[in-house]
1. Go over the candidates 38, 10, 72 one by one and state the one that is under 24 Å from the mean Cα position of the chain (by Cα), assigned to a loop (DSSP other than H, G, I, E, B) and modelled with pLDDT of 95 or more.
2. Kindly state which strands (runs of 3 or more DSSP E) lie completely within region 153-227 and contain at least 2 residues that are of a type outside the set (Phe, Trp, Tyr) and closer than 19 Å to residue 279 by Cα.
3. Scan (1) in contact with a strand residue (DSSP E or B) (Cβ under 6 Å, 6 or more places away or on another chain); (2) over 20 Å from residue 234 (Cα atoms); (3) surrounded by 12 or more Cβ atoms within 10 Å (Cβ to Cβ) for the single condition residue 43 breaks and write down its number.
4. Out of the residues in region 108-140 meeting the condition of being surrounded by fewer than 17 Cβ atoms within 10 Å (Cβ to Cβ) and over 22 Å from the mean Cα position of the chain (by Cα), tell me which one is modelled with the lowest pLDDT.
5. Given the conditions (1) touching a helix residue (DSSP H, G or I) at 6+ places or on another chain (Cβ under 7 Å); (2) assigned to a helix (DSSP H, G or I), report the number of the one that residue 133 does not fulfil.
6. Of everything in region 50-69 that's in a loop (DSSP other than H, G, I, E, B) and open to solvent by 20 Å² or more (accessible area, probe 1.4 Å), which residue is farthest from residue 4 (Cα to Cα)?
7. Given 272, 217, which one is of a type in the set (Lys, Arg), out of contact with any Gly (no Cβ under 7 Å at 6 or more places or on another chain), at pLDDT 95 or above and over 19 Å from residue 151 (Cβ atoms)?
Amino acid sequence: MMFKTPLPAPAGPFQVGYVDIMTPGQASTSSLLRIHYPTPAYTRVSKQPVWAGENGQEGMLRFMQTMIWNWPSWANTSEFQLLDLCKKVFTPATFFSAFNIGWSLVAKRLTIPIARSAPLEPHTGSGWPVVVFSHGIGCSRFTMSQLCYQLASMGVVVVSVEHRDGSGFGTHFKDGETIEEIPHLHVPVDGHEYEVRNRQVTHRCDEVLRAIDILDKINEGQTLSNVIADHDHMDLSMLQSSMDLTNHLYLMGHSFGGATVLLASSMDTRVKAVLALDQAGVYN
């Protein structure tokens, strides 16, 4: 049984609120985002979201299983000293079973110290600066949560895009009344590897650009269709006129997300700067 343990508290002068947004439609035309924003220091953070629930646990382990027995040609193995030993000791099936049981028995159930739909800290000037974040392969909108909420606690609106190109560990979209799962895509290390990854990074780039457009609509006070579970508890109206998308819009990405934001920045003149963390690959 896992005990709930929060990730480190925000280090900045503000607490952090969040809202999740999923627009309706196919994965190629819709969006799934988590918006982190500064909220007053006195805000009580209760009912913290779980960093990785049951779906996240299985999805991450399935991704690790895929990676170990299908290591990408462009990824360095020097930091993974037990990789060869792991392949000698386990089969893919026994690896998943052993680590799934181990995670359930000894791992902590991490929670994220952010408050859903908490009141927004009033801004000064033209609005809060905005960072749109793109995660790496095998991740989701919550995987790099500490990076996102720590930055938000310093007075930044941080928007984490959940990519639905098959590079994450697993996600979904909602089209009408149908919810369709998107598992991690197994990309064989062969002559078509670059071709597949290039399609993925192009899809991801489009998602980043759509996220910026969504922020623009929220900032202007336009009504947005949100079909995420518990959307009735996600108040988007408080974000109206709160973001400086004209002078302070930035992109940040980790690994495959680094390649994503570099490509996206070349396609949108609103972006003022880019930070690519441990960028993986150059595409397109």
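1. Going through 38, 10, 72 in turn, just one is under 24 Å from the mean Cα position of the chain (by Cα), assigned to a loop (DSSP other than H, G, I, E, B) and modelled with pLDDT of 95 or more: 10.
2. Per the criteria, 157-161.
3. (2)
4. Of everything passing the filter in region 108-140, 124 is modelled with the lowest pLDDT.
5. Here residue 133 meets the rest and fails (2).
6. Selected residue: 69.
7. Exactly one residue qualifies, and that residue is 217.
Residue-by-condition table, conditions (1) under 19 Å from residue 21 (Cα atoms); (2) surrounded by 18 or more Cβ atoms within 10 Å (Cβ to Cβ); (3) within 18 Å of the chain's Cα centre (by Cα):
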position	(1), (2), (3)
235	yes, no, no
248	no, yes, no
253	no, yes, yes
266	no, no, no
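The values are calculated or read from the model by the stated rules, or taken from the named source; none is laboratory data. In this text the structure is predicted, and so the values were computed from the model without any measurement. Every residue, glycine among them, receives a Cβ derived from its backbone with ideal geometry; neighbour counts consider all protein chains shown. When the accessible area is computed, the model is the full protein with side chains, heavy atoms only, and any ligands, DNA or RNA have been set aside. Shrake-Rupley method; radii C 1.70, N 1.55, O 1.52, S 1.80 Å.
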